[in-house]
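Okay, structure first, notes after.
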Amino acid sequence: MYKAKAYSAASATAPLASTTIPRRETTEHDVQIEILFCGICHSDLHSVRDEWHSIMPTVYPIVPGHEIVGRVTRVGSAVTKFKTGDLVGVGCLVDSDHTCPNCKDGLEQLCPNQTLTFNSPDKHNTAPVTYGGYSESIVVDEHFVLRVPTNLDLAGVAPLLCAGITTYSPMRRWGNLTGKKVGVVGLGGLGHMGVKFARAFGAQVVVFTTSPGKKEDAHRLGADEVIISSNADEMRSHAGTFDFILDTIAADHDINAYINLLGRDGKITLVGAPEKPLAVSAFSLLVGRRSLSGSIIGGIAETQEMLDYCGKHNITADVEIIPIQKVDEAYERLLKSDVKYRFSIDMASLKSE
Ligand code: NAP
Ligand code: ZN
């Protein structure tokens, strides 16, 4: 075991603060990574503030962060995929059982015995729970480590590890989106990646936002049309026309307003994870045989596929790079939908702590 610098929260109301955490020594299948950038996902905030208490209560202290990019500093004796110096990424998962039907199908994100990057029981007993990427280093089984394309800006790559795969996966699963009418609801970290992918996949992209100030950016990111969701007339004009809608909203909202925009057999997929249940009108779904589904990150192979796709098509997140000392401020801005469009923590800032 060794000590690593990190930022943690001691309770749901405490600010994040500098600390040191234990990390395990590199075992034979492990890769030790010096973390260069870590994105701030809204899930970090939900977890730090224990907003998902009924589903996965937060164990304190919590070290969040699951959008990690860094450089390999050490590899275990049995590691085959990586060597010292490689640029790599780690997303939301650091372990799974490898034996369940989901793991066998490459869907580690659905494994009932998965270990999340933070706030999961630590199978190695290094600490009570796993500690995430707001830290100078991390040690991860090579199966859960991704190769990062070397042509991309690293600060903008970090968010691909969660926001990227979470939006890429359900769009790929929908099928060929070329020429299809796709809605992206909420232009935050996930939403802006959704727009970029929908555009890259050849869809007709419509963004729904509560923030009029994001309209120009939405077009720049790839939207053909931008709807301010509070404008009932504009919403009505799109009723019954969408093939697919991706809902990324982090807070309570009227999902029926979006279900009603779907055409026949249209599908809306939730990736946003609000604290409270959403009320769904049966008739919104019955009329038009529409369906509502959910999606959670993606498997390891698909995450690699997404990163390779981003390398080939030059896709990264639009980031505001911040020092870790500004993380609490960043959380407050996240709550006001005021981020363009992902915070990426420059982990060099941790050296001065
Ligand atoms: P984010 O950057 O805060 O973006 C969320 C966006 O939702 C905001 O920018 C805002 O967009 C919109 N929004 C916020 N409050 C709203 C409200 N009250 N009504 C309507 N729209 C609202 O968050 P994120 O990191 O993209 O995460 C979004 C959600 O996805 C979170 O709940 C997160 O936990 C979840 N998530 C799920 C997965 C998964 O695997 N399923 C993975 C990562 C994150 P506008 O300003 O454009 O309206
Ligand atoms: Zn995330």
Long-range amide H partners of ILE227, meaning residues 5 or more apart or on another chain whose placed amide H is closer than 5 Å, are VAL207, PHE208, THR209
Taking HIS219, HIS66 and ranking on accessible area (1.4 Å, protein atoms only), highest first, one gets HIS219, HIS66
Using +1 on the beta carbon of Lys and Arg, -1 on that of Asp and Glu, and nothing else charged, what's the dipole of region 164-294 about the Cα centre, debye to 20?
460
Note on the chain: the mean projected area of its alpha-carbon convex hull, in nm², is 16.7
Restricting to Cα pairs under 8 Å and 6 or more apart, the percent relative contact order of the chain works out to 18
State, as an integer percentage, the relative contact order of region 207-353 based on alpha-carbon contacts under 8 Å between residues 6 or more apart.
15
Under 5 Å, built H, 5+ apart or other chain: amide partners of GLY183
VAL206, PHE244, ILE245, LEU246
Gyration tensor (Cα only) of region 1-108 to equivalent ellipsoid, semi-axes in Å sorted down, yields 26, 20, 13
Carbon and sulfur atoms: what percent of the 1.4 Å accessible area of region 164-294 do they account for?
51
Contour minus Cα-Cα span, ARG173 to MET1, at 0.36 nm per residue, comes to 57.8 nm
For GLU108, GLU216, GLU275, GLU320, write out the residues from largest to smallest accessible area, computed with a 1.4 angstrom probe and no ligands counted.
GLU216, GLU275, GLU320, GLU108
For region 164-294, just say rounded, prolate or oblate: build the C-alpha gyration tensor, square-root its eigenvalues into a ≥ b ≥ c, call rounded for a/c under 1.5, and beyond that prolate if a/b exceeds b/c, oblate if not.
rounded
Eligible lysines near LYS336 by straight Cα distance, threshold 19 Å, same-chain separation 8 or greater:
LYS214, LYS215, LYS276, LYS326
Provide the solvent-accessible area of LYS180, counting protein heavy atoms only and rolling a 1.4 Å probe, rounded to the nearest 10 Å².
70
Given ILE322, MET306, ILE55, which one lies farthest toward the positive end of the charge dipole of the chain, if we put +1 on the Cβ of every Lys and Arg and -1 on the Cβ of every Asp and Glu?
MET306
Per residue, how large is the accessible surface of region 164-294? Use a 1.4 angstrom probe and give square angstrom.
42
Please compute the net charge surrounding ASP346, taking Lys and Arg as +1 and Asp and Glu as -1 over other residues with Cβ under 15 Å from its Cβ.
-2
Fraction of beta bridges assigned by DSSP in the chain that are antiparallel (%, nearest 5)
55
Under unit Cβ charges (Lys, Arg +1; Asp, Glu -1), what dipole magnitude, rounded to 20 debye, does the chain have relative to its Cα centre?
560
With springs only between Cα atoms under 10 Å, which of SER120, SER47, SER281 fluctuates most in a Gaussian network model of the chain?
SER281
Using a 1.4 Å probe, how large is the accessible area of MET1, given in Å² and rounded to the nearest 10?
140
Heavy atoms of THR167: accessible area, 1.4 Å probe, square angstrom to 10
0
Defining a contact as two alpha carbons under 8 Å apart and six or more residues distant in sequence, what relative contact order in percent does region 151-209 show?
37
Lys and Arg at +1, Asp and Glu at -1: neighbours of PHE118 with Cβ under 12 Å from its Cβ sum to -3
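The values are calculated or read from the model by the stated rules, or taken from the named source; none is laboratory data. All of these numbers come straight from a predicted model, not from anything done at the bench. Please note: Cβ atoms are built from the backbone with ideal geometry, for glycine as well, and neighbour counts cover all protein chains shown. Please note that ligands, DNA and RNA were not included when accessible areas were found on the heavy atoms of the full protein model with its side chains. Shrake-Rupley method; radii C 1.70, N 1.55, O 1.52, S 1.80 Å.
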